[in-house]
Amino acid sequence: MGNGTATTTELDVALEKHRTELTGYCYRMLGSSFEAEDAVQDTLVRAWRSYDKFEGRSSLRSWLYRIATNVCLDMLTAGNKRARPMDLTDSTPLARAALSPRPDNTWLEPMPDARVLPTVEDPAEAAIAKESVRLAFMAALQQLPPKQRVVLILREVLAWRASEVAELLDTSVASVNSALQRARATLAEQKASGADAAVSDPLDEEQQKLLERYVAAFEGYDMTALTALLHEDAVMTMPPFDLWLTGHDDIAGFMTTFGSACEGSRLLPVQVNGLPGFAQYKPDPEKGGHTPWAIQVLEISEGRLTGFHFYLDTQRWFPLFGLPLHLDGESDEVEQGA
């Protein structure tokens, strides 16, 4: 497809081919599923409109990344850093637990793998891509100034050369290398202060069994069985509430008090943020069947669950994951979209 000669359809197809990887890039930059999709839409519209000015000196892909970078940097000028509850407050003991919501734009948001992870042949490349959308890494990225974020994602995640990043940012290779060094130092500090998920890709047999036991314990609301699966320092979060709990005693205690309406829930597997997860439906006392309650994202390390994160804004998350907003009977087989 030579510049100036592309038909509308050819251009649409050429641009659309890059949507998933651009969404992954914008998501890592912004920490928000919906803002990332808006940013990509804006990028593709801008590319469409200015395609006659694209001179082909770089590839179409790097030109699109340049546009997407500018869109994201514009969106980040407000200075909002998205976070997890444990990035904002101290852990609360169960005895003092209170559910205080914060605005949507406070939180790092979950994202279906299919929307941000393009299919790649190389298993090592696929593993790096998954690791780079995990919640801990995404939260650490949010601590970086926007330009350092760009440099780190392009160099470390997408394996661009320093010279390509310098060209995209209209800066020098020395400046790119310096930004990368500072970004790595910040990330190393973040990593030292929190456990990282150690999930193999695909899940190994032990992790698969752990998840099966988790589903049985959660659907059976068996707190003894659930406690046996949790690391003693496990963390539970529930955005949009800023409350987070540490330790299996407080987590199990919360689930039998504040969370008691979750008894009788059903869990459907989802692929989210490069981690195992579930769509949780709790019993619907009005209509019967089950109603959406949360997208759960699980972190595993050393054969135990170290973190489970409940994203409660079901009207936003369930459609994003292609999930129905009601389950009728016990035997429903649910078709999953992405």
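Determine the alpha carbon to alpha carbon distance for each of K147/K191; K130/K191; K17/K130; K53/K81; K81/K130 and list only those over 28 Å.
Details: K147/K191 20 Å; K130/K191 17 Å; K17/K130 20 Å; K53/K81 34 Å; K81/K130 22 Å.
K53/K81, as the Cα separations exceed 28 Å there.
If each DSSP helix of 4+ residues adds -39,500 (n - 2.57) and the sum is divided by the residues in the chain, what number results at 222 nm, nearest 500 deg cm²/dmol? Walk me through the numbers on the way to the answer.
Details: 15 runs with 151 residues, N = 338.
Rounded to the nearest 500, it is -13000 deg cm²/dmol.
What list of whole percents do you get for P(r) of the stretch 274-328, with Cα-Cα distances grouped in 10 Å bins up to the one holding the largest distance?
24, 45, 24, 7, 0
Can you tell me how much longer the chain between S59 and L203 gets when fully stretched, taken as 0.36 nm per residue apart minus their C-alpha distance, in nm with one decimal? Please list the in-between numbers first.
Working: separation 144, 0.36 × 144 = 51.84 nm, distance 3.59 nm.
Answer, rounded to one decimal: 48.3 nm.
In the stretch 39-176, how does Rg compare with the Kirkwood Rh, expressed as the Rg/Rh ratio over alpha carbon atoms? Please report the intermediate quantities before stating the final value.
Values: Rg = 18.0 Å, Rh = 17.4 Å.
That ratio is 1.03, to two decimals.
Would you look at the GNM of the chain, springs on alpha carbons closer than 10 Å, and say which of S100, S62, S91 moves the most?
So, out of S100, S62, S91, the one fluctuating most is S100.
Measuring from centroid to centroid over Cα atoms, what is the spacing of the stretch 39-81 and the stretch 296-326 in Å?
Here the answer is 31 Å between Cα centres.
Which one of D204, D242, D113 has the biggest mean-square fluctuation once the chain is modelled by GNM with Cα springs under 10 Å?
D204
Would you mind putting 114-121, 284-291 in packing order, based on average other-beta-carbon counts within 10 Å, highest first? Don't skip to the end; give the middle numbers.
Values: 114-121: 15.6, 284-291: 12.9.
The packing order, highest mean first, is 114-121, 284-291.
Identify the GluC sites (Glu not before Pro) of the stretch 1-78 meeting these criteria: DSSP loop state and at most 12 other C-beta atoms within 10 Å of the C-beta.
Details: sites: E10, E16, E21, E35, E37, E55; in loops: E55.
The qualifying sites are E55.
Given a 1.4 Å probe, how much area per residue of the chain is accessible, in Å²? Write out the running numbers ahead of the final one.
On the way: 15940 Å² over 338 residues.
On a per-residue basis, the chain sits at 47 Å².
How many percent of the accessible area of the chain is carbon or sulfur, using a 1.4 Å probe?
Numbers: 7900 of 15940 Å².
In the chain, the share of accessible area belonging to carbon and sulfur is 50 percent.
Show me the three semi-axes of the equivalent ellipsoid for the chain, from the C-alpha gyration tensor (sqrt of 5 times each eigenvalue), largest first, rounded to whole Å.
Working: eigenvalues 283, 107, 62 Å².
Here the semi-axes work out to 38, 23, 18 Å.
The values are calculated or read from the model by the stated rules, or taken from the named source; none is laboratory data. Because the structure is a prediction, the values reported are computed rather than measured. Every residue, glycine among them, receives a Cβ derived from its backbone with ideal geometry; neighbour counts consider all protein chains shown. Protein only, heavy atoms only, side chains kept; ligands, DNA and RNA dropped before computing areas. Shrake-Rupley method; radii C 1.70, N 1.55, O 1.52, S 1.80 Å.
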